[in-house]
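First up is the structure itself, then whatever we jot down about it.
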Amino acid sequence: MIIAVDGPTASGKGTIARALAEEFGLPHLDTGLLYRAVGRQAVISDFNPDDPVEALCACGFPDELLNDPELRTEETGGLASRVSVHPGVREALYERQRSFALQEGGAVLDGRDIGTVIIPEEADAKLFVTASAAARASRRFREMQSNGVETTLEEITAQIEARDKRDEEREDSPLKPAEDAYVLDTTLMKKEEAISAAIRAVKRMV
Ligand code: C5P
């Protein structure tokens, strides 16, 4: 079984993808981490993330970088969304994502273009997880507060809006639901409700 989970930042797609992987006994790939590693590598190498050639050079990051806690920060998320607009960067990460998805036994991948670009034909179930910008900002804000990060709701809201805009407006592989995706709006849902709804939706699709 191959499951594609796409959606905007802080929509709950990562939590849902992990829960689906556990429920169906499948390996999981958080593809955002790959773009985050490119953004982080650009900083480490002093490359300009907005320059397509320099960003492409950052795609040669070492695998160990994927474990760097710095990858989880909102700052790296912003860098990831800047490097991810370059078609060369997306192409450089394409095969890695496809071969993970097509491994024997199946897989769960979450990202922005899994159901539309990476495995549009191969996915057995496609979910597009979303929530209002206000709900996503307040979730991210609470998460950061509990991690002891000093920030404000206004700052988080502005970051989320900037990231949404860049992800939705880029020419190559913009964030949008696949035509055959089940759209799950988690705005009013608790985590457990969202997970159960996602499991039910996948069972209906396969
Ligand atoms: O999902 P996450 O917040 O970790 O993704 C970071 C950024 O990487 C996103 O804002 C998006 O610009 C980019 N990304 C992408 N395609 C994916 C996954 C992430 O463009 N499949």
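Could you list all residues from segment 86-95 that are out of contact with any Pro (no Cβ under 9 Å at 6 or more places or on another chain) and within 24 Å of Glu168 (Cβ to Cβ)? Give the derivation first.
Initially, segment 86-95 is screened for residues out of contact with any Pro (no Cβ under 9 Å at 6 or more places or on another chain), giving 90-95.
Matches in segment 86-95: Arg90, Glu91, Ala92, Leu93, Tyr94.
Would you mind stating whether Arg140 is in contact with a helix residue (DSSP H, G or I) (Cβ under 7 Å, 6 or more places away or on another chain), over 25 Å from Ala21 (Cβ atoms), of a type outside the set (Asp, Glu) and not in a loop (DSSP other than H, G, I, E, B)? Give the steps one after another, and end with the answer.
Working: in contact with a helix residue (DSSP H, G or I) (Cβ under 7 Å, 6 or more places away or on another chain): yes; over 25 Å from Ala21 (Cβ atoms): no; of a type outside the set (Asp, Glu): yes; not in a loop (DSSP other than H, G, I, E, B): yes.
Against the criterion (in contact with a helix residue (DSSP H, G or I) (Cβ under 7 Å, 6 or more places away or on another chain), over 25 Å from Ala21 (Cβ atoms), of a type outside the set (Asp, Glu) and not in a loop (DSSP other than H, G, I, E, B)), Arg140 does not qualify.
Taking segment 144-154 on its own, how many of its residues are modelled with pLDDT of 95 or more and outside any loop (DSSP other than H, G, I, E, B)?
2
Here are some conditions: (1) over 14 Å from Asp6 (Cβ atoms); (2) within 15 Å of the chain's Cα centre (by Cα). Ala197 meets all but one. Which one does it not meet?
(2)
Given the criteria in contact with a helix residue (DSSP H, G or I) (Cβ under 6 Å, 6 or more places away or on another chain), basic (Lys, Arg), touching a residue at least 24 places away in the same chain (Cβ under 8 Å) and near the ligand (Cβ under 10 Å from one of its atoms), does Arg170 qualify? Even if it seems obvious, please write down each step before you answer.
Details: in contact with a helix residue (DSSP H, G or I) (Cβ under 6 Å, 6 or more places away or on another chain): no; basic (Lys, Arg): yes; touching a residue at least 24 places away in the same chain (Cβ under 8 Å): yes; near the ligand (Cβ under 10 Å from one of its atoms): yes.
No.
I'd like the full set of residues that are surrounded by fewer than 23 Cβ atoms within 10 Å (Cβ to Cβ) and in a helix (DSSP H, G or I), limited to segment 92-115.
Matches in segment 92-115: Ala92, Leu93, Tyr94, Glu95, Arg96, Gln97, Arg98, Ser99, Phe100, Ala101.
Can you go through Phe100, Phe128 and tell me which one is within 13 Å of the ligand (Cβ to nearest atom), in contact with a strand residue (DSSP E or B) (Cβ under 9 Å, 6 or more places away or on another chain) and more than 16 Å from Pro8 (Cα to Cα)?
On the way: Phe128 fails: more than 16 Å from Pro8 (Cα to Cα).
Step by step, each of Phe100, Phe128 is checked, and only Phe100 is within 13 Å of the ligand (Cβ to nearest atom), in contact with a strand residue (DSSP E or B) (Cβ under 9 Å, 6 or more places away or on another chain) and more than 16 Å from Pro8 (Cα to Cα).
Does at least one position in segment 150-162 carry a residue that is away from the ligand (no atom under 16 Å from the Cβ), among the aliphatic types (A, V, I, L, M) and over 24 Å from Tyr94 (Cβ atoms)?
yes
Is it true that some residue in segment 116-131 is surrounded by fewer than 20 Cβ atoms within 10 Å (Cβ to Cβ) and without any contact (Cβ under 8 Å) to a residue 12 or more places away in the chain?
Yes; the residues of segment 116-131 include at least one that is surrounded by fewer than 20 Cβ atoms within 10 Å (Cβ to Cβ) and without any contact (Cβ under 8 Å) to a residue 12 or more places away in the chain.
Give Arg140, Arg136, Arg163 a once-over and let me know the one that is within 17 Å of Lys191 (Cα to Cα), surrounded by 13 or more Cβ atoms within 10 Å (Cβ to Cβ) and at pLDDT below 95. Let's see the steps before the verdict.
Values: Arg136 fails: at pLDDT below 95; Arg163 fails: within 17 Å of Lys191 (Cα to Cα).
Only one candidate qualifies: Arg140.
With the condition being free of Cβ contacts under 8 Å to residues at least 60 places away in the same chain, away from the ligand (no atom under 13 Å from the Cβ) and surrounded by 21 or more Cβ atoms within 10 Å (Cβ to Cβ), I'd like the helices (runs of 4 or more DSSP H) fully within segment 15-85 carrying at least 1 qualifying residues.
Working: elements: 32-44, 52-57, 74-83.
Those helices (runs of 4 or more DSSP H) span 32-44.
The values are calculated or read from the model by the stated rules, or taken from the named source; none is laboratory data. Values in this document were obtained by computation on a predicted structure and should not be read as measured data. No Cβ is skipped: glycine too gets one built from the backbone with ideal geometry, and neighbour counts run over all protein chains shown.
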